[in-house]
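Structure first, commentary second.
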Amino acid sequence: MSFIGHTDFLIEVQKGNIAGHSIIHKFGRNDSVPNGTWAFINLLGATTHPLTAATTVRVKAGNGADTAAGAGAREITIQGIDSNLAEISEAVATAGASASGNTTASFWRVHRAWVSSCGTYGAANTAAVVIENSAGGTDLIQIATEEGQTQYGGWTVPTGKTAYLLSSSVTVDSGKEVDFKLNTRADFNDASSDPFKSVRLNTFFDRLAAPHTLQPRSPSSPIPALTDIWWEARGSAGTEAVSVDFELLIVDD
């Protein structure tokens with residue numbers, strides 16, 4: 001099969017017609033980036049990855065309507081990297097004002113979650129839904145009220161895969177200047193061997209005051225398996241709201 005151009009090839013990848021290739025589309029938002037301090041572009045505003053070992057996870061205690069027989073979110077599907085370092089998805093029933101049951105699988109990373117069942121036509125979660133570790137006390141990712149989907153500006157490359165950055169787009173509050181950077185860190189699952197793999201800068205946008213899009217003619221350098229990929233932002237005048245949208249081409253090793 002031959003293709004006329006770059007876009008045609010990516011469409012065929014997205015359709016599943018190119019063996020060993022797939023597309024990952026991720027987006028994140030942080031509506032309160034601090035002044036002078038780097039923060040992840042996600043709804044929790046984290047400043048580091050919270051897990052250093054695989055653990056079962058659950059839906060944190062929340063709103064009474066977001067329960068298995070309620071009007072809001074009845075089921076949440078959680079996606080990430082499991083204890084075998086492969087990408088996995090698992091659905092759990094919500095429990096309203098109580099924490100849900102634990103997942104069967106253990107997760108090294110949680111990089112996406114969504115409402116996969118709700119109790120009212122045209123609705124989603126009635127309040128914010130947070131995924132936490134099964135012991136409690138460590139928030140991992142959040143679905144904002146009524147949005148039905150997390151906004152997390154990061155992803156982790158599963159075992160047996162290599163990622164290539166295809167494009168990115170960032171937005172910022174009008175008239176405010178914000179720094180953006182894309183970081184990677186290899187061997188994310190090695191939290192005990194000294195020395196550790198360093199955080200590595202992949203892309204930096206300096207003092208943006210307006211939306212910016214990066215669409216290189218060729219993909220970025222290969223990002224190997226077991227590498228964390230995440231966006232951060234740093235404000236310059238009070239707190240700023242920012243967002244990021246990016247695409248990765250994933251190729252089987």
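The numbers here are math on the coordinates, done by the rules we state, and not lab data. These figures come from a predicted structure and were not determined experimentally. Neighbour counts run over all protein chains shown; Cβ positions are idealised from the backbone, glycine included.
At Glu12 and Ser117, where each label point lies 7 Å from the Cα along Cα→Cβ, what is the point-to-point distance in nanometres?
Roughly 4.0 nm, to one decimal.
On full extension of the chain, what length is gained from Thr162 through Thr52, given 0.36 nm per residue of separation minus the C-alpha to C-alpha distance?
On the way: separation 110, 0.36 × 110 = 39.60 nm, distance 2.19 nm.
Working it through step by step, the gained length comes to 37.4 nm.
Which of rounded, prolate, oblate describes region 129-253, given a ≥ b ≥ c as roots of the alpha-carbon gyration tensor eigenvalues and a/c under 1.5 marking rounded, otherwise prolate only if a/b is larger than b/c?
Oblate, since a/c reaches 1.5 and b/c is not below a/b.
On average, how much area does the Cα convex hull of the chain cover when viewed from any direction, in nm²? Numbers along the way, then the final one.
Working: hull surface 60.2 nm².
One quarter of the hull surface, i.e. the mean projection, equals 15.1 nm².
In region 132-170, which residues have a backbone nitrogen under 16 Å from the label point lying 7 Å from Ile23's Cα in the Cα-to-Cβ direction?
164-169
Kindly rank 117-123, 95-101, 224-230 from highest to lowest mean number of other beta carbons found within 10 Å of each residue. Intermediate values should be presented prior to the final figure.
Numbers: 117-123: 12.7, 95-101: 17.1, 224-230: 20.3.
In descending order of packing, they fall as 224-230, 95-101, 117-123.
In region 96-112, which residues have a backbone nitrogen under 19 Å from the label point lying 7 Å from Ala69's Cα in the Cα-to-Cβ direction?
In region 96-112, the label zone of Ala69 (backbone N under 19 Å from the point 7 Å along Cα→Cβ) covers 96-101.
For Glu146 and Asp190, FRET efficiency with R0 = 41 Å and r from the beta-carbon atoms, rounded to 0.05?
Values: r = 39 Å, r/R0 = 0.95.
With R0 = 41 Å, the Cβ-Cβ based efficiency is 0.60.
Measuring from centroid to centroid over Cα atoms, what is the spacing of region 8-68 and region 126-200 in Å?
6
For a test of the definition: using alpha carbon positions, the gyration tensor, and the 1.5 limit on a/c, classify region 27-153 as rounded, prolate or oblate. Mind dumping the intermediate values first?
Numbers: a/c = 1.83, a/b = 1.20, b/c = 1.52.
Verdict is oblate for region 27-153.
Once you list every other residue whose beta carbon is under 11 Å from the beta carbon of Lys161, what net charge do they have if Lys and Arg are +1 and Asp and Glu are -1? Write out the running numbers ahead of the final one.
Working: positive: none; negative: Glu87, Asp252, Asp253.
Combined, the nearby Lys, Arg, Asp and Glu give -3.
For every other residue with a beta carbon closer than 12 angstrom to the beta carbon of Thr67, add +1 if it is Lys or Arg and -1 if Asp or Glu, then tell me the sum.
Working: positive: Arg74; negative: Asp66, Glu75.
Every neighbour counted, the sum reads -1.
Net charge around Thr126, counting only other residues with Cβ within less than 9 Å of its Cβ (Lys, Arg = +1; Asp, Glu = -1)?
Values: positive: none; negative: Asp66, Glu146.
For residues surrounding Thr126, the net value is -2.
Pull up the cross-link candidates among the lysines for Lys197, meaning alpha carbon to alpha carbon under 26 Å and not fewer than 8 places away within one chain.
In chain and number order, the partners are Lys26, Lys161, Lys181.
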